[in-house]
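Reviewing the structure listed below.
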Amino acid sequence: MSFINYANREINCKIVYYGPGLAGKTTNITFIYDSVNPKSKGKLISLNTEMDRTLFFDFLPLDLGNIGGFKTRFHLYTVPGQVFYEASRKLILKGADGVVFVADSHPDRMDANIEAMRDLKENLKEYGYEIEKIPYALQLNKRDLSPLIPLDSLVRELKIANEPVFEAVATKGTGVPETLKAVAKQVLTVLKQDLL
Amino acid sequence: MEIPNFVLREEENEKLIFILSSLLSTCRAEAVFLINRNGQAIASSGKSPIHDEQALASLSAGSVATTHGLARILGEAEFSSIFHQGTRWNIHISSVGDRAILVLLLEKNKGSVDDASLRRAKMIIEDVLKKNWQARSDVSAGKS
């Protein structure tokens, strides 16, 4: 649910990075934050818990242009990945316009990936969303690991429909901007249909 | 997507700012913010010492959601307001219906919450937002 403000000609959209604990959601967000022009971004807010961090910030991407004379401001959030923070995950997901699922490529994390995906689908459903219908991208992170889950296994287990899939090494920024751009593009397409 | 976007028109924004400004003056607050439950800043009035209103909005929405969770544990429908006291600043956060949140930033020993004005402001804001939501839902229903 985007917030379209005619008074300041701005559209606010929320993109949530979802996935199992320590899959690299925070690394994605911090990489993007560091790459954005300081003049067009807000503060990076970090809410620390014992095991994990929830991060968010908002920014005006200069290269995405205007929609019908409106500037678009993206609000990027991570959810805490650990299983026991379910209430927080659900809360952060509320009002999301787009979702990125960050999967961990380590063989020991396959079950955690599948559980987080199930959790995402259920939580979206509770808010009246269907994952097949919302702007969505799948990121397969930590592709520099050894051992590594083969690409086709991850895709087979986690790919839902025709969503864009990106291999990433978030610590180096590889695949990070591409993932965000893919989901942002889908969000903007939905908005254009709604606005124009 | 099934859930309609929240669209704020200029005339609605003007109405909201007028209500917030009036509340700002009766409570002698430094700033008043109206935000939605998803953590997005809708409108504000006053001179805020906070440079990042989006951060304030997101954190306030989180705070309201957490308090709502606490209320449910105790069997309460909700705790309608939260008051944080600091050495220089106080923050009063309260729900406006089920879609918005009003945040008053008060300088200690200067501003205070005027209950009657707050109640009146919330009623008018709720009415504006309800009409807005209804209009948007009608548009969405017409589309589908």
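Would you tally the residues in the range B:10-30 being touching a residue at least 12 places away in the same chain (Cβ under 8 Å) and either under 24 Å from A:L124 (Cβ atoms) or within 7 Å of chain A (Cβ to nearest Cβ) (or both)? Walk me through it before giving the result.
Narrowing the range B:10-30 to residues touching a residue at least 12 places away in the same chain (Cβ under 8 Å): B:12-13, B:15-17, B:19-24, B:26-30.
Then keep just the ones that are either under 24 Å from A:L124 (Cβ atoms) or within 7 Å of chain A (Cβ to nearest Cβ) (or both); that gives B:13.
So the answer is 1.
Within the range A:90-116, which residues are within 14 Å of A:G21 (Cβ to Cβ) and assigned to a strand (DSSP E or B)?
Selection gives A:F101, A:V102, A:A103, A:D104.
Give, as residue ranges, the strands (runs of 3 or more DSSP E) completely inside the range B:31-144 that count at least 1 residues that are crowded, with 17+ Cβ neighbours inside 10 Å and free of Cβ contacts under 8 Å to residues at least 40 places away in the same chain.
Values: elements: B:31-36, B:41-46, B:81-85, B:89-96, B:100-107.
Result: B:41-46, B:81-85, B:89-96.
Can you tell me how many residues within the range A:146-196 are part of a loop (DSSP other than H, G, I, E, B) and among the acidic types (D, E)?
Looking only at the range A:146-196, we keep the residues that are part of a loop (DSSP other than H, G, I, E, B), and these are A:146-150, A:159-164, A:168, A:170-173, A:175, A:196.
Checking which are among the acidic types (D, E) leaves us with A:163.
Looking only at that region, the number is 1.
Within the range A:133-148, which residues are farther than 24 Å from A:T72 by Cα and crowded, with 22+ Cβ neighbours inside 10 Å?
If we filter the range A:133-148 for residues that are farther than 24 Å from A:T72 by Cα, which is where we start, we get A:140-148.
Passing the criteria: A:L140, A:N141, A:K142.
Need the failing condition index for B:S45 against (1) touching a helix residue (DSSP H, G or I) at 6+ places or on another chain (Cβ under 7 Å); (2) farther than 16 Å from B:V103 by Cα; (3) within 14 Å of chain A (Cβ to nearest Cβ), just the number.
(2)
Every residue in the range A:27-44 that is in contact with an Asp or Glu (Cβ under 8 Å, 6 or more places away or on another chain) and outside any loop (DSSP other than H, G, I, E, B), please.
Restricting attention to the range A:27-44, the residues satisfying the condition of being in contact with an Asp or Glu (Cβ under 8 Å, 6 or more places away or on another chain) are A:41-43.
Listed by number, the list holds a single entry, A:K41.
Look at the range A:7-19 and say how many of its residues are buried (at least 16 other Cβ atoms within 10 Å of the Cβ), out of contact with any Phe, Trp or Tyr (no Cβ under 6 Å at 6 or more places or on another chain) and part of a loop (DSSP other than H, G, I, E, B).
1
Taking the condition under 18 Å from A:K14 (Cα atoms), touching a helix residue (DSSP H, G or I) at 6+ places or on another chain (Cβ under 9 Å), within 14 Å of another protein chain (Cβ to nearest Cβ) and touching a residue at least 40 places away in the same chain (Cβ under 8 Å), does A:Y136 pass?
Details: under 18 Å from A:K14 (Cα atoms): yes; touching a helix residue (DSSP H, G or I) at 6+ places or on another chain (Cβ under 9 Å): yes; within 14 Å of another protein chain (Cβ to nearest Cβ): yes; touching a residue at least 40 places away in the same chain (Cβ under 8 Å): yes.
Yes: the conditions hold for A:Y136.
Kindly indicate whether any position in the range B:74-82 is modelled with pLDDT of 90 or more, among the hydroxyl-bearing types (S, T, Y) and in contact with an Asp or Glu (Cβ under 7 Å, 6 or more places away or on another chain).
No; the residues of the range B:74-82 include none that is modelled with pLDDT of 90 or more, among the hydroxyl-bearing types (S, T, Y) and in contact with an Asp or Glu (Cβ under 7 Å, 6 or more places away or on another chain).
The values are calculated or read from the model by the stated rules, or taken from the named source; none is laboratory data. Bear in mind that the values here come from a model prediction, so they are computed numbers and not experimental data. Quick reminder, even Gly has a Cβ in these numbers, built from the backbone with ideal geometry, and neighbours come from all protein chains shown.
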